[in-house]
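The values are calculated or read from the model by the stated rules, or taken from the named source; none is laboratory data. This is a predicted model, so every value here is computed, not measured. Glycine also receives a Cβ, built like all others from the backbone with ideal geometry; neighbour counts cover every protein chain displayed. Only protein heavy atoms, including side chains, enter the accessible area calculation; ligands, DNA and RNA are left aside. Shrake-Rupley method; radii C 1.70, N 1.55, O 1.52, S 1.80 Å.
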Amino acid sequence: MSTKTVLLYSDDPQVRDRMRLAIGEHPAPDLDVEFVEASTYGECVKLVDDYEIDLLVLDGEATPGGGLGVARQLKDEIDECPPTCVVIARSADRWLAAYARVDGTLLHPLDPFETAKVISTLLHDESVAA
């Protein structure tokens, strides 16, 4: 069993709670997840710099820095950026996710089964396309 660290980003604590609940502590039988949280872009960068983050789960609806912008910025600025998954409100925004070079997308409201599938795939092979 491996333990992975997932960073949850949203300016809204309730959204971070929903992300945590949808992912769960065991998104796959062989995975344990521990969570760290950020409510600002600056906190995201600090956590990525200070800890070994295995996956970023970013709220695309966060303000003032939306998850898509945060993903793009981190991909541009960090040489070995962890894989990213952005939670978006509209499936039509997947083209923006592709532009932001995210590795996976999920839709609000989060479906626990789909969330666990996407998250465990990203944590296992880090190669899911948006």
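Scanning region 79-97 for residues that are surrounded by fewer than 20 Cβ atoms within 10 Å (Cβ to Cβ), touching a strand residue (DSSP E or B) at 6+ places or on another chain (Cβ under 9 Å) and among the hydrophobic types (A, V, I, L, M, F, W, C) gives CYS81, ALA89. Listed by first and then second residue, the pairs with beta-carbon distance under 6 Å, at least 6 apart or on different chains, first residue in region 49-68 and among the small types (Gly, Ala, Ser), second outside any helix (DSSP H, G or I) and open to solvent by less than 10 Å² (accessible area, probe 1.4 Å), are GLY60/VAL86; GLY60/VAL87; GLY60/ILE88; ALA62/SER10; GLY67/LEU58; GLY67/ASP59; GLY67/VAL86. Evaluate region 10-30: report whether one residue or more is at pLDDT 95 or above, crowded, with 19+ Cβ neighbours inside 10 Å and among the hydroxyl-bearing types (Ser, Thr, Tyr). Looking for residues that are at pLDDT 95 or above, crowded, with 19+ Cβ neighbours inside 10 Å and among the hydroxyl-bearing types (Ser, Thr, Tyr), one finds at least one in region 10-30, hence yes. Taking first residues from region 1-18 that are in contact (Cβ under 8 Å) with a residue 40 or more places away in the chain and partners that are aromatic (Phe, Trp, Tyr) and open to solvent by 20 Å² or more (accessible area, probe 1.4 Å), the Cβ contacts under 6 Å between residues at least 6 apart in sequence or on separate chains come to VAL6/PHE35; LEU8/PHE35. In summary, VAL118 fulfils each of the numbered conditions (1) within 26 Å of MET1 (Cα to Cα); (2) assigned to a helix (DSSP H, G or I); (3) open to solvent by 70 Å² or more (accessible area, probe 1.4 Å) with the single exception of condition (3). In region 98-109, of all residues being open to solvent by 40 Å² or more (accessible area, probe 1.4 Å) and not charged (D, E, K, R), the one that is farthest from LYS4 (Cα to Cα) corresponds to TYR99. Checking the stated criteria, TYR41 turns out to be of a type in the set (Phe, Trp, Tyr) and either over 22 Å from SER2 (Cβ atoms) or in contact with a Leu (Cβ under 6 Å, 6 or more places away or on another chain) (or both). Report yes if ASP54 is open to solvent by less than 40 Å² (accessible area, probe 1.4 Å), at pLDDT 95 or above and charged (D, E, K, R), otherwise no. So ASP54 passes the test.
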